[in-house]
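Structure first, commentary second.
The values are calculated or read from the model by the stated rules, or taken from the named source; none is laboratory data. Keep in mind that what you see is a predicted model, and the values were worked out from it rather than measured. Because the Cβ atoms are built from the backbone with ideal geometry, glycine has one as well, and the counts that use them run over all protein chains shown. With ligands, DNA and RNA removed, areas are computed over all heavy atoms of the protein, side chains included. Shrake-Rupley method; radii C 1.70, N 1.55, O 1.52, S 1.80 Å.
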Amino acid sequence: MSEAKAKKPSVWQAFTQPAAWTMFFFGFSSGLPFLLVAGTLAFWLKDEGIVLKEITMIASAGLLYTFKFVWAPLLDHWRLPGFARLGRRRGWLLFSQLGVVVALLAMAAFTPDRMQAFVLATVAVAFFGATQDIAVDAYRIEIAPESAQGALVATYALGYRIGLIIAGAFAAIMADHIPWPTVYVSMAACMLIPVVANLLAREPDVVQVKTQGWSHAMQLAVIDPFADFFRRYGIALALTLLAFILLFKVPEQATIGGIMSPFYRDMGFTKTEIGSITKIWGVWIGIVGVFIGGAMVARWGAWKSLGVMIVVCGACNLLYLLLIPNQGNLWMLTAVISAENLTLGMLGPPTVAFLSSLVNREHTATQYALLSSLVNLPGKVLGFFAGGIATATGYGMYFVITVLALLPAMMLYILLTPRLRARVAANQAG
């Protein structure tokens, strides 16, 4: 025991280890392409005169992030020819990083004037962005012991949010002064920074598990972890948990896609105003919310904190109704964005803690990937149809519809509370 304690790194050592700085750049690499196929892309399409229904459909290319677990086994069990000398993790990461660069340049070259090729390039950015997320998560888990993971997650999150600022705020502000294709070429150039970091990074020392073909890999990586979840919780409780997971983040996810950028523009705000308030100020307010959410988990536990923040965060979507009669009012926009990002940040730690509590430590990475995919899926699907709904009912009714998802989610929360408490008590007694 004393020997284990002696090997545990200090906070200073955890944050100054080379892997922490590596994760900062990898976080930047993951964050940059995300908005370029969502909110920022919606700005571009709006400027091109594309109708709202089509904007939200095209800007839903990010749905690929939700299904990344489908091809995740490839990254675990196959080395890429030509990239293998970098190692399994860094090889796949370099491949996906270069894929993002090429696909962004393709978007800039085709532009919405050649819509079919443009959409294919957009989907490619989302695919390679999701692929690098898989590689980065695996790299983080394998490069350092559990005691150092907190620092790696923190530096990754900081890099990720800076990537969001560059791809969101800076891109929107740049677009007020230079053409959109030039903006996307600039974003592709920014991706070269994490590419260099990858080339200088160290490959994790992990022995690869040998599998017998794709079907065996899928069995080990996807089917077994999913089946294990039902074995541990039983069919009834497992299905209830999955239904709750599918519903409780619908209000949040329904406002992440392509609906918001056209909404802000229709409310009379310029791209510079939107970028400055939503993508710079809002991101830093979100960081404050993350720390508050972490303190809530430490004080109340994951489940109670989650219940409170589901209601608070989801209900914040109604604040967007205040912008409709206050079009062009920067103070009102700032107030709404501050509340939204603060509560979104506060929802994050309870969500991660809750999902993490459900996984079997023998299948941590795969089960977490599956659960985190499910938690984002319904909201993104709603976001796909957001333009059609908003066109038919108006923006205000769309936001009201997103909040209505709270009702079944909280009913399931109330139903699950005694069952989960009973399981915790049984585990403690055991």
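Which one, G27, A72, M260, is farthest towards the positive end of the dipole of the chain when Lys and Arg carry +1 and Asp and Glu -1 on their Cβ?
A72
Convert each backbone phi in region 271-284 into a coupling constant with the Karplus relation 6.51 cos²θ - 1.76 cosθ + 1.60 (shift: θ = phi - 60°), then list the ³J(HN,Hα) values in order as whole Hz, x for Gly and Pro.
Per-residue couplings from phi come out as 5, 5, 5, 5, x, 5, 7, 7, 9, 10, 4, x, 5, 6 Hz.
Over region 238-341, with every protein chain in place, what whole percent of the accessible area is carbon and sulfur at 1.4 Å, could you tell me? Write out the running numbers ahead of the final one.
On the way: 2830 of 3980 Å².
Reported share for carbon and sulfur atoms: 71 percent.
Apply the a/c threshold of 1.5 to the C-alpha gyration tensor of region 53-157 and tell me whether it is rounded, prolate or oblate. Walk me through the intermediate numbers first.
Details: a/c = 2.43, a/b = 1.76, b/c = 1.38.
Note, shape of region 53-157 comes out prolate.
Take the solvent-accessible surface of the protein heavy atoms, probe 1.4 Å, and return the percent of it on region 26-119 that carbon and sulfur atoms account for.
On the way: 2190 of 3400 Å².
In region 26-119, the share of accessible area belonging to carbon and sulfur is 64 percent.
Calculate the spin-label point distance for D113 paired with V70, positioning each point 7 Å from the Cα along the beta-carbon direction, and give it in nanometres.
If labels sit at V70 and D113, their model points lie 3.3 nm apart.
Taking a probe of 1.4 Å, how large is the accessible area per residue of the chain, in Å²?
With the other protein chains kept in place, the chain gives 44 Å² per residue.
For every helix of n ≥ 4 consecutive DSSP H residues, a contribution of -39,500 (n - 2.57) applies; sum these over the chain, divide by its total residues, and give [θ] at 222 nm rounded to the nearest 500 deg cm²/dmol. Provide the component values of the computation, followed by the final result.
Working: 26 runs with 320 residues, N = 430.
One gets -23500 deg cm²/dmol as the mean residue ellipticity at 222 nm.
Given 0.36 nm per residue, what is the gain on full extension from H177 to L415 after removing their alpha carbon distance, in nm?
Extending this stretch completely gives an extra 80.3 nm.
Got a sec to turn the phi values of region 107-112 into Karplus ³J(HN,Hα) couplings, 6.51 cos²θ - 1.76 cosθ + 1.60 with θ = phi - 60°, whole Hz, x for Gly and Pro?
The phi angles translate into 4, 5, 6, 7, 6, x Hz.
Classify the chain as rounded, prolate or oblate, taking a ≥ b ≥ c as the square roots of the eigenvalues of its Cα gyration tensor: rounded when a/c is under 1.5, otherwise prolate if a/b is larger than b/c and oblate if not. Please report the intermediate quantities before stating the final value.
Numbers: a/c = 1.57, a/b = 1.16, b/c = 1.35.
Oblate is the answer for the chain, as a/c is 1.5 or above yet b/c matches or exceeds a/b.
Which of rounded, prolate or oblate describes region 239-292 when judged by the alpha-carbon gyration tensor and an a/c cut-off of 1.5? Show your work: numbers first, answer last.
Numbers: a/c = 4.97, a/b = 1.62, b/c = 3.06.
Verdict is oblate for region 239-292.
Taking θ as phi - 60°, what are the ³J(HN,Hα) couplings along region 236-250 by the Karplus curve (6.51, -1.76, 1.60), each to the nearest whole Hz, with x for Gly and Pro?
So the Karplus estimates, Gly and Pro as x, are 5, 5, 4, 5, 5, 4, 5, 4, 5, 4, 5, 9, 6, 10, 4 Hz.
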